[in-house]
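Following: one structure in structure tokens, then a few remarks.
Each reported figure results from applying straightforward, stated rules to the coordinates on display, with no laboratory input. Since the structure is predicted, the reported quantities are computational estimates derived from the model, not experimental observations. Backbone-built Cβ (ideal geometry, glycine too); neighbour counts: all protein chains shown.
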Amino acid sequence: MANRLPVRQPERSDGGSWPPSPGGLVSALTPVLRERHGIWVGWPGGDCDPGIIPDTVNGIGLRSVSLSDSECDGFYTGFSNGTLWPLYHDAIRTPTFDRDWWHQYREVNVRFAEIAADVAAPGATVWVHDYQLQLVPGLLRSLRPDVRIGFFLHIPFPPRELFMQLPWRREIIEGLLGADLIGFQVPGAAANFARLARQLTAATGSDSVVEIDSRQVAVGAFPISVDSRGIAAKAAQPQIIARAAQLRSDLGGPDIVFLGVDRLDYTKGIDRRMVAAGKLFSEGILRAGNHVIVQIAVPSRELDPLYQEERHHLEQLVGQVNGQFSSVGHPAIHYLNQSVSNDELIALYLAADVMLVTPLRDGMNLVSKEYVAARDGAGGQLILSEFAGAASELKGAVLVNPHDIDDITEAMRACLTRDRAEEMRNMRRLNRIVRRRDVHHWAASYLAALQETTSV
Ligand code: GDG
């Protein structure tokens, strides 16, 4: 169960077949679900008529959950993205606490739980994903005590000091405690949760097993990853290699290409990166023509005023840097506010000498792992925020504090002179890490841990 179904509405040119949504989660879970005759429960998205969703796609069942326009506002844009998202990301923006949103969030979670209760076979395993559905484990357990329930949170889980702001803090914790296994991206998030559970409910136990109502709830870290082999295979295709070369030549054959790829989201720290680049251009350390920044800022949550504000802020910053430091035919920053195809994305990873990943807070950050997976034997440098979950795994990345512009500029400057042999060695080491622990390993280890839980 996830907020969204794993398919996109077909374009006319697709001949009516429903293409799977891109991304590692869908590609990792599709074979697992197919093998078990599983069903994916989710919302098809605002602009899609649920009546036309097929029953199966790629061998897995689909069951769509409808949302009215008002539920879409209250549950999705409101409570999920206006309350939980900022609160769980260090309150980088002030979370809004609105009782009507909360009621809609609860109602939609009830609907998801009822549908799961309806479709799950006796003794089935139900895996619930992410912050939009935190009440589902508790609700489902009361409807169907026979099923085994897993929950995985893709985003950070905040410390007590922040979480306690939430007026419905106890209800959220109780909702999650309905699961047999609660998975987080990093151990710190799991520990935050376990402590809050002991404080806000009758739960006892340790940071890895919480006891409540004579049940045991396992809690742990399961860092998500990417389809490393699939990405490496794509990056080795001649047409992708040729496209990467073409991209470099289209950029004017610079010495160094810096790349950022993010959803346009205020948590991703894109603005800090632009400020750091501006500083290096102003100091003459970067020079348009020799050095190029490419920033893909994929449109996201565009109806939300906070996201519109962030876009304007970014566009102003990019305009300032380009206005001052570009020359005709050589922009300092190539800024694209659009999504790119999967092939184009891999070609961009291949074309980039330095990947800039500077979120202010991020559950994991898959872009950093995708870059590493695509650079099999190709060298390259990864500048990575210490506030991304990926930072604890990717030993060999250049870690920066994204709040400290000088730290980012220093890391970028160091990339200009790094020893090539050392760079190759370092990237090979990083590559081994993402190959060993790919998204298939993540799904298998989570499901194995869920199967070992004792309450069913
Ligand atoms: C949440 C958590 C956690 C992006 N632009 C394009 C494109 N993408 C793909 C990337 C990557 C994915 O979207 C983004 O994943 P991230 O992990 O970087 O960030 P969130 O979207 O915030 O994801 C995060 C994740 O869930 C998984 O648990 O890591 O912490 O916030 O796969 O490649 N793909 C294509 N074109 C684009 O323009 N094809």
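Table for the structure above
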item	result
Cβ crowding within 10 Å averaged over residues, with 343-352, 293-302 ranked highest first	343-352, 293-302
Rg/Rg_globular for the chain, with Rg_globular taken as 2.2 N^0.38 Å and Rg from C-alpha atoms	1.00
Whole-angstrom gap from the range 285-325 to the range 343-409, using each part's C-alpha centre	18 Å
For the range 228-436: relative contact order, % (alpha-carbon pairs under 8 angstrom, 6 or more apart)	25 percent
Point-charge dipole on Cβ atoms (K/R +1, D/E -1) for the range 300-456, about Cα centre, debye to 20	700 debye
Relative contact order %, the chain, counting alpha carbon pairs below 8 Å whose residues are six or more apart	13 percent
Dipole magnitude (debye, nearest 20) for the chain, charges at Cβ of Lys, Arg, Asp, Glu	1160 debye
By average C-beta atoms within 10 angstrom, highest first, the peptides 379-385, 89-95	379-385, 89-95
Ascending count of other beta-carbon atoms within 10 Å, so fewest first, for HIS330, HIS291	HIS330, HIS291
Order of GLU310, GLU410, GLU393 under a 10 Å beta carbon neighbour criterion, fewest first	GLU410, GLU393, GLU310
The chain: DSSP helices with Cα axial extent of at least 27 Å and average Kyte-Doolittle hydropathy no lower than 1.0	none
Antiparallel bridge percentage (DSSP; both residues within the chain; nearest 5)	20 percent
Listed peptides 105-111, 266-272, 424-430 by packing density, highest first (mean Cβ within 10 Å)	266-272, 105-111, 424-430
Separation of alpha-carbon centers, the range 172-186 and the range 434-456, rounded to whole Å	15 Å
Fewest-first sequence of PHE193, PHE97 by Cβ atoms within 10 Å of each Cβ	PHE97, PHE193
Share of alpha-carbon pairs per 5 Å distance bin for the range 272-427, given as whole %	2, 9, 17, 20, 24, 18, 9, 2, 1, 0
